[in-house]
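Q: Here you go, one structure.
The values are calculated or read from the model by the stated rules, or taken from the named source; none is laboratory data. Just so we're clear, the structure is a prediction, and the values are computed from it rather than from any experiment. All Cβ positions, even for glycine, are placed from backbone atoms using ideal geometry, and neighbour counts span all protein chains on display.
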Amino acid sequence: MAIATMEAQPMQAASEVSRIMVVDDQPANLSLMEQMLRAEGYEVRSFPRGRMALASAAEFPPDLILLDINMPEMDGFSVCQSLKKDSKLKSIPVIFLSALSEAEDKIRAFQNGGVDYVTKPFQVDEIRARVKTHLHIHRLTAELGRHSAHLETVVEMRTRELVDAQARLQVLDQAKGDFLKLISHELRTPLNGLLGVSQMVLAGLPAGPEEDELREMFDQSESRLMSIIDNALLLTQIQADGRSFLPQPVSFGAIAERAAELSAAFAASREVRIETLPAEMGRIPAQEDLLEKAIRALLETAIKFSRPGQTVRTMSRRNEVLVELVIQSSAGSIPDQALPRFFDLFSVGESIVGGAVIGLDPAVAQRILALFGGKVKVENRLPSGIQLTISFPNPESTSLQVLSLQA
């Protein structure tokens, strides 16, 4: 063999010493490889037979194996096959050393699990470079495996935490919903008694302007109180279990007309007229009662922005992408700083509409519409008034049909 001369390299730190196994039936080759590798600072164990090497590897796994092919009793191919069948040893890189130089021998070596193949006679620099390279790859692979295992453990732990947190949230949501349902029921029972007694007392008062004013104040307070309870309960149900509200195709225009009819009494109490310009608006996915409630809440919001003798107008718009219902008042305006928060809970103050109480209606309407893929926006009109625009994706839109087909 032609072996290049070399200088001994500094020894590696004990914690960094790599263990190399050399398997060759020729004592001279073993001695040469031991001398060369130890000079590089590696820990070396050498064996003349494959079975001896396998027994040692099982007890003290090396970081790399240099393996001859032509050996008695058990050739290098068989040794490598046995290594790869052992779950504890299969990751050890094997470099074949052989005088066989035919392509089929090299192919067979790689097929049996070798990572490299060096033909004899070999150069020391070549062996040194290949050993160093494969040790580095082996070390990186091991680190990657440990890192992946750590990540799997972390992901598994985080997943369990998320599952536990989700379960706790579901319990809390359920408890919150049950609590509010209970409160709603328990409030209604004493309220019904209180309101009933109040109605009896008011009914017994004589007729007169002051008494009529008291009756009107009572009716308004009763209506608002019951509305607050209903809206608070609905908001909680939407937040806790929005998926339970299953939509069905409904007529947008017909529901808008019905909502206007139901709002007529409230409009009349404020001497405001509702003008509807119905048009065919197609069918959208929603629940009739909830969509009706949302439109009615927004109509009555616009009525609160109107003065006696004025008209709240509604109109429909439709294009390729959207179908819209527009509600307009002719009076009142919203301060610019309050516009972005108009649909937030409890964000609208009395000063916006000159003393009228808007309450939860805009927030409830916005959340109902969002349940079914709809939106609502508010803007000030010039010179006065507000405009509320309810929009849904046009079910006949070509782009939506394409997306539906792709899904």
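Q: Among residues belonging to segment 215-225 that are hydrophobic (A, V, I, L, M, F, W, C) and loosely packed, with under 15 Cβ neighbours inside 10 Å, point out the one that is modelled with the highest pLDDT.
A: Narrowing segment 215-225 to residues hydrophobic (A, V, I, L, M, F, W, C): 217-218, 225.
Narrowing further to those that are loosely packed, with under 15 Cβ neighbours inside 10 Å: 217, 225.
Values: Met217: 82, Leu225: 77.
Ranking the candidates gives Met217 first.
Results for (1) more than 21 Å from Ser391 (Cα to Cα); (2) part of a strand (DSSP E or B); (3) modelled with pLDDT of 90 or more, shown as yes or no for each residue.
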residue	(1), (2), (3)
Gly309	yes, no, yes
Arg313	no, yes, yes
Val323	no, yes, yes
Val326	no, yes, yes
Ser333	yes, no, no
Ala338	yes, no, no
Ser351	yes, no, no
Val357	yes, no, no
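Q: Let me spell it out: the conditions are (1) assigned to a loop (DSSP other than H, G, I, E, B); (2) modelled with pLDDT of 90 or more; (3) polar (S, T, N, Q), and Gln12 meets all of them except one. Which number is the exception?
A: Unmet for Gln12, out of (1) assigned to a loop (DSSP other than H, G, I, E, B); (2) modelled with pLDDT of 90 or more; (3) polar (S, T, N, Q): (2).
Q: Restricting attention to segment 244-260, does a residue exist that is over 38 Å from the mean Cα position of the chain (by Cα), surrounded by 12 or more Cβ atoms within 10 Å (Cβ to Cβ), in the same structural domain as Ser329 (by TED's automatic domain parsing) and not charged (D, E, K, R)?
A: Narrowing segment 244-260 to residues over 38 Å from the mean Cα position of the chain (by Cα): 257-258, 260.
Subset that is surrounded by 12 or more Cβ atoms within 10 Å (Cβ to Cβ): 257-258, 260.
Filter once more, so that each one left must be in the same structural domain as Ser329 (by TED's automatic domain parsing): 257-258, 260.
Those still in the list that are not charged (D, E, K, R) too: 260.
Within segment 244-260 (the criterion being over 38 Å from the mean Cα position of the chain (by Cα), surrounded by 12 or more Cβ atoms within 10 Å (Cβ to Cβ), in the same structural domain as Ser329 (by TED's automatic domain parsing) and not charged (D, E, K, R)), the answer is yes, since at least one residue qualifies.
Q: Output the residue which, of all residues in segment 28-87 that are part of a helix (DSSP H, G or I) and of a type in the set (Asp, Glu), is surrounded by the most Cβ atoms within 10 Å (Cβ to Cβ).
A: Residues of segment 28-87 part of a helix (DSSP H, G or I): 28-39, 50-59, 76-85.
This time we only want the ones that are of a type in the set (Asp, Glu), so: 34, 59.
Working: Glu34: 16, Glu59: 6.
Per the criteria, the residue is Glu34.
Q: Failed condition for Glu210, given (1) within 16 Å of Ala370 (Cα to Cα); (2) surrounded by fewer than 16 Cβ atoms within 10 Å (Cβ to Cβ), with all others met?
A: Among (1) within 16 Å of Ala370 (Cα to Cα); (2) surrounded by fewer than 16 Cβ atoms within 10 Å (Cβ to Cβ), the lone unmet condition for Glu210 is (1).
Here is a yes/no grid of residues against (1) modelled with pLDDT of 85 or more; (2) within 23 Å of Ile238 (Cα to Cα); (3) in contact with a His (Cβ under 8 Å, 6 or more places away or on another chain); (4) not in a helix (DSSP H, G or I):
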{"site": "Leu140", "(1), (2), (3), (4)": "yes, no, no, no"}
{"site": "Gly145", "(1), (2), (3), (4)": "no, no, no, no"}
{"site": "Val154", "(1), (2), (3), (4)": "yes, no, no, no"}
{"site": "Leu182", "(1), (2), (3), (4)": "no, yes, no, no"}
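Q: On to the next question. Any residue in segment 50-68 that is closer than 12 Å to Ile20 by Cβ sitting within a Cβ distance under 6 Å of a residue that is among the charged types (D, E, K, R) and in a strand (DSSP E or B)? List the pairs, counting only those 6 or more apart or interchain.
A: Pro62/Arg19; Asp63/Arg19
Q: Does Ser347 meet the test of being at pLDDT 90 or above and in contact with a helix residue (DSSP H, G or I) (Cβ under 6 Å, 6 or more places away or on another chain)?
A: Numbers: at pLDDT 90 or above: no; in contact with a helix residue (DSSP H, G or I) (Cβ under 6 Å, 6 or more places away or on another chain): yes.
No; evaluated as a whole, the condition is false for this residue.
Q: Would you check if Arg307 is of a type in the set (Lys, Arg) and out of contact with any Pro (no Cβ under 7 Å at 6 or more places or on another chain)? Please lay out each step first, then the result.
A: On the way: of a type in the set (Lys, Arg): yes; out of contact with any Pro (no Cβ under 7 Å at 6 or more places or on another chain): yes.
Considered against the rule, which asks whether it is of a type in the set (Lys, Arg) and out of contact with any Pro (no Cβ under 7 Å at 6 or more places or on another chain), Arg307 comes out as yes.
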